[in-house]
1. Just want the answer: with Cβ charges of +1 for Lys and Arg and -1 for Asp and Glu, which residue in Pro266, Gly230, Ala196 is farthest toward the dipole's positive end in the range 196-272?
2. If we count every other residue with Cβ under 13 angstrom of Asp93's Cβ, Lys/Arg +1 and Asp/Glu -1, where does the sum land?
3. Can you give the extra length, in nm with one decimal, that the chain gains between Met231 and His63 once fully stretched, where that is 0.36 nm per residue apart less the Cα-Cα distance?
4. When only the heavy atoms of the protein chains count and the probe is 1.4 Å, how do Ser37, Ser248, Ser238 rank by accessible area, highest first?
5. Taking the Cα centre of the range 27-146 as origin and charging only Cβ (+1 Lys, Arg; -1 Asp, Glu), how large is the dipole, in debye to the nearest 20?
6. Using the C-alpha gyration tensor of the range 1-116, what are the square roots of 5 times its eigenvalues, in whole angstrom, with the largest one first?
7. What does the charge add up to near Ser37, with Lys and Arg as +1, Asp and Glu as -1, over the other residues with Cβ less than 15 Å from its Cβ?
8. Near Asp73, within a Cβ-to-Cβ distance under 14 Å, what is the net charge of the other residues, with Lys and Arg +1 and Asp and Glu -1?
Amino acid sequence: MTHYLTDAAVKPLSILDLVAMKKAGEKITCLTAYDASFSSMLDKAGIDAILVGDSLGMVVQGHDSTLPVSLTDMVYHTACVARGRRRSLLIADLPFMSCATTEHAARNAARLIQEGGAQVVKLEGARPEIVEFLSNQGIAVCGHLGLLPQSINQLGRYRVQGREHADAEKIIEQARQLEQAGAVVLVLECIPARLAAEITRSLHIPVIGIGAGVDCDGQVLVLYDMLDIGMGKRPVFSKNFLRAAGGSIDAAVEQYVTEVRQSLFPTEEHGF
Ligand code: KIV
């Protein structure tokens with residue numbers, strides 16, 4: 001029998017639910033969204049976390065990097081997504097240069113939370129001092145290591161990180177430092193699956209991977225990549241779920257949820 005839950009019956013997830021899922025070995029499902037309609041659709045499909053990523057600079061605004069995205073853009077899109085979702089945990093990105101100092105970071109994180117409705121703010125890079133400062137203010141922070149799109153001008157191109165032993169050791173140490181500084185969740189982007197598995201095992205906080213193999217506690221993809229409706233080429237670590245599900249967006253999202261929960265996605269072909 002189908003049960004239609006009223007809004008009052010839907011309990012919003014908190015970071016504690018994600019930690020409990022890690023402990024229970026249940027996979028965490030996450031997708032990006034940038035507006036209320038997609039947010040509502042993902043929420044109804046049972047997505048555990050929605051990330052308002054600064055990837056919106058590329059897939060919504062049409063830029064060739066995430067660098068032009070402003071804090072005002074992030075607050076606007078986070079508020080749109082917040083209005084569409086009922087249950088999913090809402091994570092929002094702190095964009096390029098929004099964390100240059102701890103004061104900057106605190107002011108900008110507060111805007112994402114107070115005006116945007118974010119429950120967790122995501123901060124790119126190994127910045128344990130900022131994570132600690134925000135955590136001490138009661139802010140839930142998501143770290144982001146591996147490929148750092150906001151550092152594209154230093155990196156030169158988007159490519160896998162942590163292939164060399166020394167780089168892998170560095171990422172392991174950075175992950176440990178972020179957890180110690182108070183991060184409540186960590187995103188690992190584009191690193192070898194074995195490295196991601198080792199980091200996931202060694203941390204108590206949930207680890208969500210993108211191009212980081214099947215052994216992370218959960219998976220995230222950019223929504224437009226997994227629907228293959230972006231302007232650019234779909235990254236190799238993503239999959240065209242729209243085609244796999246026969247052309248229905250609802251079915252594509254539901255298939256993603258099922259495949260992540262059953263560890264059917266990602267496969268080796270989507271990893272490094
Ligand atoms: O901006 C974004 O969408 C992200 C994901 C790629 C993790 O940070």
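1. The listed residue farthest towards the positive side: Gly230.
2. On the way: positive: Arg111, Lys122; negative: Asp54, Asp73, Glu124, Glu189.
Local charge sum for Asp93: -2.
3. 59.5 nm
4. Numbers: Ser37 90, Ser248 50, Ser238 0 Å².
Ranked from most to least accessible, the order is Ser37, Ser248, Ser238.
5. Working: 10 positive and 12 negative charges, 98 e Å.
With Lys and Arg at +1 and Asp and Glu at -1, about 480 debye.
6. Working: eigenvalues 145, 54, 36 Å².
Semi-axes, largest first: 27, 16, 13 Å.
7. Details: positive: Lys44, Arg83, Arg85, Arg86; negative: Asp35, Asp43, Asp250.
Charge balance in the 15 Å sphere: +1.
8. Values: positive: Arg111; negative: Asp35, Asp54, Asp93, Glu115.
In short, -3.
The values are calculated or read from the model by the stated rules, or taken from the named source; none is laboratory data. Nothing here was measured: the structure is a model prediction, and the numbers come from that model. Because the Cβ atoms are built from the backbone with ideal geometry, glycine has one as well, and the counts that use them run over all protein chains shown. Each accessible area value is taken on the protein alone, full model and side chains, heavy atoms only, with ligands, DNA and RNA left out. Shrake-Rupley method; radii C 1.70, N 1.55, O 1.52, S 1.80 Å.
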